[in-house]
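The values are calculated or read from the model by the stated rules, or taken from the named source; none is laboratory data. Just so we're clear, the structure is a prediction, and the values are computed from it rather than from any experiment. Positions of Cβ are backbone-derived with ideal geometry, glycine not excepted, and every protein chain shown enters the neighbour counts.
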Amino acid sequence: MYYFFTVVYTSIYKLFGQTSFQGEGIGQDLLSQFITFLYFSVATFTTVGFGDIAPVDNTSRLVVIMQISFRFITVAYALSMLSIFRKILGPASEAEIDAELEFDDQDTINDSEGTKNN
């Protein structure tokens with residue numbers, strides 16, 4: 001995921017004449033720029049950045065907004081998975097877990113049959 005946004009940031013920087021991002025030490029060669037934008041991608045995903053590299057034009061700002069939004073979706077998904085692991089690894093007996101999974105499957109089947117009948 002970091003690499004995807006790194007490639008996107010590097011491409012935007014190259015395509016728009018190196019004016020889409022502003023900051024110290026972005027680099028002149030492709031490897032330095034790739035490493036800089038990998039750092040920027042990780043900093044943007046884990047926080048909202050440090051401010052040492054900043055998007056300047058609207059295209060780069062929109063991509064940064066997309067990455068921050070994606071981060072929130074990823075965190076929400078991870079938290080929802082924790083509740084599933086809690087059910088699986090919790091103190092419930094195996095019979096209770098099987099009964100709940102069977103109940104969820106039955107709800108899914110009933111929902112799909114209801115959709116077909118409409």
### Message
Return the pair list, or none, for Cβ contacts closer than 6 Å from residues in region 42-60 that are within 25 Å of Ala76 (Cβ to Cβ) and among the hydrophobic types (A, V, I, L, M, F, W, C) to residues that are modelled with pLDDT under 90 and surrounded by fewer than 15 Cβ atoms within 10 Å (Cβ to Cβ), at least 6 apart or on different chains.
### Response
Ala43/Phe50
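Just to be sure, is Val64 touching a strand residue (DSSP E or B) at 6+ places or on another chain (Cβ under 7 Å), modelled with pLDDT of 75 or more and of a type in the set (A, V, I, L, M, F, W, C)?
Working: touching a strand residue (DSSP E or B) at 6+ places or on another chain (Cβ under 7 Å): yes; modelled with pLDDT of 75 or more: yes; of a type in the set (A, V, I, L, M, F, W, C): yes.
In short, yes.
Any residue that is crowded, with 17+ Cβ neighbours inside 10 Å and in a helix (DSSP H, G or I) - is there at least one of those in region 50-58? Show your work before the answer.
Looking only at region 50-58, we keep the residues that are crowded, with 17+ Cβ neighbours inside 10 Å, and these are 53, 55.
Filter once more, keeping what is in a helix (DSSP H, G or I): none.
No - not one qualifying residue is present in region 50-58.
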#### Entry: Answer residue from region 12-48, given it is assigned to a helix (DSSP H, G or I) and of a type in the set (Gly, Ala, Ser) and is surrounded by the most Cβ atoms within 10 Å (Cβ to Cβ) among those
Ser41
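Name the single residue that is nearest to Tyr13 (Cα to Cα) among those in region 44-74 being among the aromatic types (Phe, Trp, Tyr) and under 11 Å from the mean Cα position of the chain (by Cα).
Taking region 44-74 first, the residues among the aromatic types (Phe, Trp, Tyr) are 45, 50, 70, 72.
Subset that is under 11 Å from the mean Cα position of the chain (by Cα): 45, 70, 72.
Details: Phe45: 19, Phe70: 21, Phe72: 25 Å.
The qualifying residue nearest to Tyr13 (Cα to Cα) is Phe45.
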### Query
Does Ile84 qualify as being more than 25 Å from Leu15 (Cα to Cα) and either among the hydrophobic types (A, V, I, L, M, F, W, C) or modelled with pLDDT under 70 (or both)?
yes
